[in-house]
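Right, one structure below, let's go through it.
Bear in mind these aren't lab numbers, they're just calculated from the coordinates by the rules spelled out. As the structure is a computational prediction, the values presented were derived from the model and not from experiment. We place every Cβ from the backbone using ideal geometry, glycine too, and count neighbours over all the protein chains shown.
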Amino acid sequence: MAEAPSLGHLVTALQVQGVVDPAVPGNAGRRGGAGPSDHRALTIDGVTVMVPVYNAVSQASPYHLSLEPDGGVALRSDGALLSTGALGSDATPPVYATTTPPQPAFYGLSTADGIPYKSIALLHARDVLATTLLQTCIRFRNRAEACQFCAIEQSLDDGRTLVRKTPEQVAEVAEAAVRLDGVKQLVLTTGTPNSDDRGARLMAETAAAVKARVNLPIQGQCEPPADPLWYGRMKAAGIDSLGMHLEVVEPEVRKRILPGKSELGLEQYFAAFAEAVAVFGRGQVSTYLLAGLGDSAASLITCSQRLIELGVYPFVVPFVPIAGTPLEAHAAPSTAFMVEVYTAVAALLRASDLSSGAMAAGCAKCGACSALSLFEQQL
């Protein structure tokens, strides 16, 4: 019998290849919109991860979810049992315990004027609330300028969300999510508005409203504002950690994948990272690196090392092709490629004073869209 994969390798394979999901009950995730898109949550061996289930890659996956006769959930690869609700990782060979997180209770509520709470914010993973404050972007409608993987307006076009969430709406939902579902952190992201603050003002206003109602750690995510004074303003308003996302690294890949956003060069981003770390502290600033869009493993690892030295957490995530975007037919990275990058970056993190668990809030702390934290924990 073949040796069962480690949890890190299994999660990597699932996030790269996706899972065939025949409508297994639970928190079923969503299609389109700001990330994670075309995903659903699974809890495997106590670790909640987001796996693609709605895109083309997942429909051809060897991994299948099924509902068992006892009501539990099983995960199989080409018929071989990998994960079930009945066993744990101490089984021989390892068969990981798996569940599908239930729909959160706050999804059943609406504001006084009839807006469903789930149109304002969504549960990501097990205890992370997230919202996109502005569900559009100055570049999105011009595909010559738009990030080629972006699906930010899909959920808006489907009527599942609002174009602009007010600070009061987000604060109301955040309070309910903490009270009813035990949410422990909030992620605020935004499409880029037509203003020099790049969304920092929205972050600050919303964070202040949330902190006035509930003491919840918050990460804000936006492009680097033109005026670095916004870092201090966001921090003072209640943003505990900050994400500013490179996505891709090599100049030619950036021009192809991020034609508009790449006008702000890599060195300008690194200057912004230094300014942000000076305000938020080492390990409280992070950036997404989307692996599989053309950057070599060496480029991703070298960039990660530079980020870590600066005090920025490199949140490496496999690229997931999203239906309805220009890159919907783009290949996902291979499991071997992701394992190579994860292993190297995790070693750099273990040798540093940075860790995903030490972040106050944010995608890297949640970790559900990447297996990096599982490799980070390996000795």
Review point. Expressed in whole Å with the largest first, what are the equivalent ellipsoid semi-axes of segment 238-379 derived from the C-alpha gyration tensor as the square root of 5 times each eigenvalue?
Key: 22, 19, 14
Point to revise | Residue exposure sequence - GLU172, GLU309 - by fewest surrounding Cβ within 10 Å | key: GLU309, GLU172
**Study point:** Protection proxy ranking, peptides 73-81, 175-183, average beta carbon neighbours within 10 Å, highest first
**Key:** 175-183, 73-81
Study note, to complete from the structure: Rounded to whole angstrom, the alpha-carbon centroid of segment 193-224 lies from that of segment 39-54 at a distance of 27
**Study point:** Sequence-distant residues sharing a close amide H with GLY243 (under 5 Å, placed H)
**Key:** GLY220, GLN221, CYS222, SER286
Revision key, fill the gap. Any DSSP H helix in the chain with Cα axial reach of 18 Å or more and mean Kyte-Doolittle score of at least 1.6? Listed by number, the hits are none
Exercise for review: Using the number of other C-beta atoms within 10 angstrom as an exposure proxy, rank ARG198, ARG160 with the fewest first.
Suggested key: ARG160, ARG198
Review point. Counting Lys and Arg as +1 and Asp and Glu as -1, each charge on the Cβ, what is the dipole of segment 200-317 about the Cα centre in debye, to the nearest 20?
Key: 360
Review point. What number, in percent, do you get for the relative contact order of segment 235-379 if the mean sequence gap of Cα pairs under 8 Å and at least 6 apart is divided by its residue count?
Key: 25
Check your understanding: Exposure proxy check: HIS245, HIS330, HIS39 ranked by fewest other beta carbons within 10 Å?
Key -> HIS330, HIS245, HIS39
Exercise for review: Express the C-alpha Rg of the chain as a ratio against the empirical globular expectation 2.2 N^0.38 Å, rounded to two decimals.
Suggested key: 0.94
Study note, to complete from the structure: CD proxy, 222 nm, the chain: helix-only mean residue ellipticity via -39,500 (n - 2.57) per DSSP H run with n ≥ 4, per residue, nearest 500, stands at -9000 deg cm²/dmol
Revision key, fill the gap. Projecting the Cα atoms of GLN148, PRO101, VAL163 onto the charge dipole of segment 98-166, where Lys and Arg contribute +1 and Asp and Glu -1 at Cβ, the residue farthest towards the positive end is GLN148
Practice item. About the Cα centre of the chain, how large is the charge dipole given +1 on each Lys and Arg Cβ and -1 on each Asp and Glu Cβ? Please answer in debye to the nearest 20. Key: 560
Revision key, fill the gap. Note on the chain, DSSP bridge orientation, antiparallel percent to nearest 5 equals 50
Revision key, fill the gap. Reduced to Cα centres, the span from segment 282-338 to segment 105-135 in Å works out to 28
Review point. Just going by the charge dipole of segment 105-376, with Lys and Arg at +1 and Asp and Glu at -1 on Cβ, which of VAL214, THR343, ALA361 is farthest out on the positive end?
Key: VAL214
Revision key, fill the gap. Checked segment 258-319 against the a/c 1.5 cut and the a/b vs b/c comparison, axes a ≥ b ≥ c from its Cα gyration tensor; verdict oblate
